[in-house]
Every structure is written in structure tokens, then in C-alpha cells.
Amino acid sequence: MKICVVGTGYVGLVTGACFAELGNAVTCVDKISEKIEALERGQIPIYEPGLDDVVHRNVQAGRLAFTTDLEESIREALVVIIAVGTPQGDDGRADLSFVRAVAASIGKNLDSYKVVVTKSTVPAGTGRMVRQVIEENRTDETPFSVASNPEFLREGSAIEDFMRPNRVVLGTEDEQSAAILRDLYRPLYLIETPIVVTDVVTAEVVKYASNAFLATKISFINEMADLCEAVDADVNVVAKSMGLDRRIGPKFLHAGPGYGGSCFPKDTRAVHELARDAGVDLRIVKAVIEVNDSRAPIMIEKIRGAVGGDLKGKKIALLGLTFKPNTDDLRESPAMAIRDRLLAAGAEVRAFDPVANDILKGEPIEGMTYSEDEYAAAEGADALVLATEWNQFRSLDFVKMKELLAKPLMIDLRNIYGPERMRELGFEYTGVGR
Ligand code: NAD
């Protein structure tokens, strides 16, 4: 099947590469020419484990190509997948200008029947808007179908998530497009992936509902962590015991500095605004957002308390900057929010992140140093703060750390280490909710 994927970011590049891997002829389009030129040279513009192999293999096999020429790519494809960004607008609503622009191009280049699939996360009703924009821009009555196929992959395990998803959701408006999309996803159906076929607006709501629910689990356990601290209980044991109940499940119950990344913060705000526009007050989602917004200040108070009350002039070694491990994505990263608040409070921050250091060190900020590794960051520091749980931070050499730090003080915002073990190693330890 000939596919055009518009937007070659985390979702578009993974989608394009994986559909090529499944035997389709895919063209990935982006408007950023440097990105396309890099891909043509074989360079992958994002950090995503395993993606380079899939891209190189499929480019060599002639099934995957990159271009900035949106018009030609649309004309050649049967299925056009929209995977552009839908960032948060100033009012909290999703900014659909990129989706609208692509829909207009599709309309202008609609020379044969096509299925136009929105994979970007979009508010309910976007499918109707895409249909309208295409109709306004097409020059004749060439038919087309609009569909919604929300994406659930996680950065850091995107290939596995795409190739072995828990489910595929297809929102379609007619049998013809449903049959084409079922055919496209047939290889996943053969490995028993549940495929839910529904209408377009329901599929759009599925994505926001799923992300809002996962964010709810995170904010819920973070509030329980606050309670545990107040009553001297251990949130890790609470979460583990809760998670053993199959009705609850163990995932997304890790107390910490709050959720971040390019999806949960913007999607919870967007669904809240979308509901408000529809006359519905999503009170739970509102509370989830409020709880999450309070996490960075709570983490700063924790660090301030651990270093003795004043952060001014304190040297803080900060481990991890990305919003989670195995990605280079810094968007709405809790670790970055903590970095900024530490700097604003007058602390000197020495950070190390295995991937983000290279991205950030070109931008000098007063009081900020990017260290060569976790041990260089700790040298002479008043406290060690673990903000993102990269694997290499899971087995730190604390004998060496203790020698390097000015004070053996560890603030573990991801609860990787145990309070008892750290005390045995001679550290003053502060976790989250324990
Ligand atoms: P991204 O910012 O990494 O990539 C979007 C790309 O679209 C950019 O490269 C941009 O240049 C390109 N683009 C914008 N307008 C264009 C146009 N007119 N023509 C061609 N290219 C254009 O975004 P992302 O993280 O891949 O997310 C894309 C969508 O998928 C968003 O709606 C997001 O919410 C959703 N989503 C993201 C994830 C994730 O983990 N990142 C997971 C599921 C869903």
C-alpha cells in the first residue's frame, strides 16, 4: 500500500518506518528541510532505541523515503497519515493549525480517492474539521474518507509499542476506508492485536480519555505519597500492594516529581478545555492537573529542607533532565522544571543527562554547568538529586559518590534507592512518600 506520513517527528518517523517494515511503500514528509536532509544522509534526528535499524533497513529495501515535497507525496498515496504536532495553544486548547494546513494541502492535491487518517492527538470534532477543509480546497468532487487512528506509543519503547500494541483504534466514517485501514493493520491483527473499529469522534475521545486516565493514576499516587509522608508510611509498599490488585494494576503508580513530556500535560489541559467548550466540567481531570502543577514546588521544598533551608549558593548535582529515560525529549520535563526552580532560588546546578547534555550545553545559563558524567556532577556538591531514572543511575557507586560529594546527601525523586540501604551507606536520604 502507498502511504504518505506527514510530520516526521517521534510519531511520524516511527509510524512511517514501521509501516515500511510491514511491507508498505512509505514516504515521510516534513517541512523542516534539515530534518529531511539528515534522514537522507542516514542520520536519525531523534533518540529512540532501535529506530535507526528499522529506518536504515527499509530505506535500503526501497520501501521508505523522505521528502519535503508534500504535494507530490499526497498525490502518490492511497493513505495519507497526519502526524504533525498539536501543541498546547495559549488558552490550553490544542493548536490545530498544523493539522489544518496539511488538510488544505490534501484538498489541493486530491487527484484520486484517498483515506486521510489523523494520527496526531486531536480534540473530538477534528475529523469533521479536516473533512470540511479538504472539501473547501479540492478543485473537483474527487471522493475521500476521513479517519482517526490515535497513536499510543511511548517514547523510549516506540518501535515495540507500534509493532505490538495493546490495541489499534480505527475511527472511520464508511466501510471503504475501514476495509483499507484494516488491511493496513492486518499484520498486527495476525498477531492477535485487538482492533477496535468505531466512528471518528469516538476514536478521538479514546485517546484523550486514555491519557487523562493514566495521568490520573500518576497524580493519585503522588497525592498518596504526600499522605504517606505526613503519616510516616511508605508509598512504594502502598503502590506495590495496590498494584497487585488486578482491578488496579501496577503501572503508572510510581510516586515522583509528576508527569511530563509532550503528551500528558498538554492532553489533560486540552481535554479539560474541550469538555468546557462542550458544557462539561471534567472535575477529576482538573484536579489531576492541579496536583501535577504542585509537584515541582513540592520537590523544591523537599530539596530545600534536605540542604538545611536555603538553596542560595548551594551546589546541587542533578542527575537526569529528560522527562523520562531513553528519550531526548525535554518537553515539559519535571527535571527541567526542578532545574529552573533551583537556579531561580540561587543554587548552582551541575547536571548530567546521558542524552540531553549535548542538546542543552550550547545554551549557557548563569549558575548552570553540564558535567561529563554523574560523578563529575557530584564533585564538591552539597546534595545529589536524582530526577530522571536512566538505567545508569540505578547502580551508582555510592562509595565513590560519598568521597566526591561535599555532603553525603541524596534526594531521590524517583524512589530508586531504599532509605535503609542509603543510611547504611552513610547517606542522609530523602525519597518521595517514604
Ligand atoms: P513532533 O513535534 O516530534 O513532530 C511533528 C513534526 O511535524 C515536526 O517535525 C514538524 O516539523 C512536522 N510538521 C508540522 N507541520 C507540518 C507540515 N505542514 N508539513 C510537514 N510537516 C509538518 O511531534 P510528535 O511527538 O511526533 O507528536 C505528533 C502528534 O502525535 C501530536 O499530536 C502528539 O500529541 C501525538 N502523540 C505523540 C506521542 C509521543 O510520545 N511523542 C505519542 C502519541 C501521540
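The values are calculated or read from the model by the stated rules, or taken from the named source; none is laboratory data. In this text, all values refer to a predicted model and were calculated from it rather than measured experimentally. Positions of Cβ are generated from backbone atoms using ideal geometry, with glycine treated the same way; all protein chains shown enter the neighbour counts. Note: areas computed on protein heavy atoms with side chains; ligands, DNA, RNA excluded. Shrake-Rupley method; radii C 1.70, N 1.55, O 1.52, S 1.80 Å.
With n ≥ 4 as the cut-off for DSSP H runs, can you work out [θ] at 222 nm for the chain, using -39500 (n - 2.57) per run divided by the number of residues, rounded to the nearest 500?
-13000 deg cm²/dmol
Take segment 154-233, compute every pairwise Cα distance, and split them into 5 Å bins from 0; I just need the percent in each bin.
3, 13, 15, 17, 17, 10, 7, 6, 5, 3, 2, 1
Which percent, to the nearest 5, of DSSP beta bridges fully inside the chain are antiparallel?
Roughly 5 percent of the beta bridges in the chain run antiparallel, per DSSP.
Given 0.36 nm per residue, what is the gain on full extension from Arg423 to Ile248 after removing their alpha carbon distance, in nm?
Once the chain is fully extended between Arg423 and Ile248, it gains 59.8 nm.
Under 22 Å between alpha carbons, and skipping anything fewer than 8 positions from Lys400 in its own chain: which lysines qualify?
Within the straight-line cut-off, Lys400 pairs with Lys314, Lys315.
Which Rg and Dmax, in Å, describe the Cα atoms of the chain?
Just the Cα atoms of the chain yield Rg and Dmax of 23.5, 76 Å.
Just to make sure I understand: if all protein chains stay in place, what is the order of His56, His272 by accessible area at 1.4 Å, largest first?
His56, His272
What is the gain in length, in nm to one decimal, between Asp140 and Leu78 on full extension, counting 0.36 nm per residue of separation less the C-alpha to C-alpha distance?
That works out to 20.6 nm of additional length.
Scattering from the C-alpha atoms of segment 293-391 alone, worked out with Debye: what is log10 I(q)/I(0) at q = 0.17, 0.22 1/Å?
Log-scaled intensity ratios, in q order: -0.67, -1.16.
Which residue, Thr388, Thr139, Thr68, has the most motion in a Gaussian network model of the chain that connects Cα atoms within less than 10 Å?
Looking only at Thr388, Thr139, Thr68, the largest GNM fluctuation is found for Thr139.
Near Lys2, which aspartates and glutamates are there with a Cα under 14 Å away, not counting those fewer than 8 places off in the same chain?
Leaving aside aspartates and glutamates fewer than 8 places away in the same chain, those within reach of Lys2 are Glu21, Glu72, Glu76, Asp183.
May I ask you to give the solvent-accessible area per residue for segment 171-296, in square angstrom, as obtained with a 1.4 angstrom probe?
Counting only protein heavy atoms, the per-residue value for segment 171-296 is 52 Å².
Which whole number of Å³ per residue matches the convex hull of the alpha-carbon atoms in segment 2-197?
116 Å³
Could you calculate the contour length gain from Phe213 to Gln132, that is, 0.36 nm times the residue separation minus the distance between their Cα atoms, to one decimal place in nm?
26.1 nm
Mind jotting down the distance between the C-alpha centroids of segment 25-69 and segment 393-434, whole Å?
Measuring centre to centre over Cα atoms gives 42 Å.
In the neighborhood of Val11, defined by Cβ-to-Cβ distances under 9 Å, what is the net charge if each Lys or Arg adds +1 and each Asp or Glu adds -1?
Net charge around Val11: 0.
Shape of segment 52-125 from its Cα gyration tensor (a ≥ b ≥ c, root eigenvalues): rounded if a/c is under 1.5, otherwise prolate when a/b > b/c, or oblate?
Oblate is the answer for segment 52-125, as a/c is 1.5 or above yet b/c matches or exceeds a/b.
Lys and Arg at +1, Asp and Glu at -1: add these up for the other residues within a Cβ distance under 14 Å of Tyr189 and post the number.
Local charge sum for Tyr189: +2.
Could you give the angle, 0 to 90 degrees to the nearest 10, between helix 200-231's Cα long axis and the longest principal axis of the Cα atoms of the chain?
10 degrees
What shape does segment 208-293 have by the C-alpha gyration tensor, where a ≥ b ≥ c are the square roots of the eigenvalues, rounded means a/c under 1.5, and otherwise prolate means a/b greater than b/c and oblate the rest?
Prolate is the answer for segment 208-293, as a/c is 1.5 or above and a/b outweighs b/c.
Take the Cβ-Cβ distance between Glu71 and Glu37 as r, set R0 to 22 Å, and report the resulting FRET efficiency rounded to the nearest 0.05.
Result of the calculation: an efficiency of 0.70.
Ignoring ligands, DNA and RNA, what percent of the 1.4 Å accessible area of segment 28-181 is carbon and sulfur?
46 percent
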